[in-house]
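First comes the structure, then the notes that go with it.
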Amino acid sequence: MFRLIALLIVFGHCSLAANESIREVTSQATRVGNQLVPAFYQGYIYWVGLAGGDSYVTIYAPDGHLALSFETQNGAVQSIAIDADGTTAVAWGSWSSKKAGGIDFRDSSGTLTRTIQTGRYLPAHISFAEDHSLWSFGCQLDAADGTRPDQHDYLTVRKYQPNGKEAGAYLPRSSFPPGLEPADVSWQRSSSITVAHDRVGLWAYSGDSGNQTEWVELDSNGNLLGRWRLDQFSWDTKIALTTDGHLFVQSRDSKTKAYRLYTLDRASATWQAVEAPPSGRLEGADGNTLVFSDFVKPGPMHVRWYQHPSGLTSVFSAAAARYFRWLRGPHIPPVKSRSRHR
């Protein structure tokens with residue numbers, strides 16, 4: 001009985017923790033009226049063009065202070081990624097650009113250390129893996145007309161080793177339906193590619209309309225793991241993939257206008273609503289935590305980290321399993337029988 005009570009206390013604590021932040025920061029990143037909403041990368045908040053044109057990058061660290069501000073000389077910035085060692089990768093390029101596309105690498109002070117030329121391939125979105133390799137999700141320009149996508153099939157995902165050499169190319173454009181280019185979205189769309197331990201997640205356009213999207217997952221060798229449609233999430237949608245592989249989607253309900261949080265049950269290929277989720281705008285994942293900010297309004301951004309609900313459920317499930325195994329025993333030593341002697 002004591003163990004059952006203790007287990008219920010643990011479960012009650014986990015339920016409460018789902019609505020309590022484990023970390024809060026009031027960032028120096030400040031929103032002002034008529035300003036573009038910033039992008040998010042594993043705890044970092046950044047803008048392109050905040051201090052000038054689309055070659056200027058401003059990055060705020062997870063603790064809220066201004067981390068880096070620089071201008072790339074190569075072209076329009078598409079996205080950034082920041083490695084665990086402080087290296088910042090900057091993907092750049094644009095349609096009809098003479099330089100086409102590439103990726104700059106900068107050290108923790110912002111100094112340019114290396115550039116990868118990717119040619120007609122535009123690395124629109126990038127993400128570091130645990131082994132410091134860099135993955136990209138992008139588009140390819142047509143060889144005859146650089147103002148339009150390649151009219152031939154091409155591989156949308158690329159992997160680069162820490163030395164800058166391409167290590168692999170995956171996921172053909174032809175695996176998506178005709179229409180919008182799968183990766184042709186702006187730098188503001190956070191989580192278009194996320195590398196999380198044993199998988200690479202992609203939030204891709206998948207059709208003729210911006211409301212037609214899907215989530216695609218590859219393993220670390222570029223093999224397809226699965227695809228899930230996201231068409232039902234079409235209003236103020238945000239996505240977060242945690243390091244332990246849990247996927248969350250926040251979107252506004254078209255009828256009630258309320259924000260809802262869902263998690264993917266891969267086994268049944270269904271989206272399960274998360275009960276009593278944290279309030280605020282889902283920015284993305286930082287490791288195994290979900291990061292929310294206050295809904296868009298002028299002023300310094302208030303950012304909060306939460307243990308994700310699926311993680312709490314796993315804690316309870318494991319504890320419950322151990323308890324019920326204990327109930328089934330044998331946990332009490334058997335009593336030895338004694339013979340009666342007369």
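Of the residues making up the stretch 63-101, those that are touching a residue at least 24 places away in the same chain (Cβ under 8 Å), of a type outside the set (Ser, Thr, Tyr) and either open to solvent by 30 Å² or more (accessible area, probe 1.4 Å) or part of a strand (DSSP E or B) (or both) number 21. Scanning the stretch 251-270 for residues that are open to solvent by less than 50 Å² (accessible area, probe 1.4 Å) and under 16 Å from Asn211 (Cβ atoms) yields Ser251, Asp253. With respect to (1) within 15 Å of the chain's Cα centre (by Cα); (2) free of Cβ contacts under 8 Å to residues at least 60 places away in the same chain; (3) not in a loop (DSSP other than H, G, I, E, B), the lone exception for Thr243 is condition (3).
Considering the conditions (1) surrounded by fewer than 19 Cβ atoms within 10 Å (Cβ to Cβ); (2) among the hydroxyl-bearing types (Ser, Thr, Tyr); (3) in contact (Cβ under 8 Å) with a residue 40 or more places away in the chain, Tyr56 is excluded by exactly one of them, (3). For Arg304, the stated conditions hold: it is open to solvent by less than 50 Å² (accessible area, probe 1.4 Å), touching a Pro at 6+ places or on another chain (Cβ under 8 Å), closer than 18 Å to Val37 by Cβ and not hydrophobic (A, V, I, L, M, F, W, C). Where strands (runs of 3 or more DSSP E) fall wholly inside the stretch 146-238, the ranges with 3 or more residues that are touching a residue at least 24 places away in the same chain (Cβ under 8 Å) and either among the aromatic types (Phe, Trp, Tyr) or farther than 25 Å from Val296 by Cα (or both) are 155-160, 166-172, 199-205, 213-219, 224-229.
Quick check on my filter: what residues within the stretch 303-319 are at pLDDT 95 or above, of a type outside the set (Val, Ile, Thr) and over 18 Å from Gly245 (Cβ atoms)? First the steps, then the outcome.
Filtering the stretch 303-319 down to residues at pLDDT 95 or above leaves 303-306.
Among the residues that remain, those that are also of a type outside the set (Val, Ile, Thr) are: 304-306.
Correct list: Arg304, Trp305.
Applying the condition of being open to solvent by 10 Å² or more (accessible area, probe 1.4 Å) and aliphatic (A, V, I, L, M) to the stretch 142-158 and asking which residue is farthest from Gly222 (Cα to Cα) yields Ala144. Of all residues in the stretch 271-298, those satisfying the criterion of being assigned to a loop (DSSP other than H, G, I, E, B) and open to solvent by less than 50 Å² (accessible area, probe 1.4 Å) are Val274, Pro277, Pro278, Gly280, Gly287, Asp294.
The values are calculated or read from the model by the stated rules, or taken from the named source; none is laboratory data. No experiment lies behind these values; they were computed from the predicted model shown. With ideal geometry, Cβ positions are generated from the backbone for all residues, glycine too; neighbour counts draw on all protein chains shown. The protein model used for the area step is the full one, side chains on, heavy atoms only, and it has no ligands, DNA or RNA in it. Shrake-Rupley method; radii C 1.70, N 1.55, O 1.52, S 1.80 Å.
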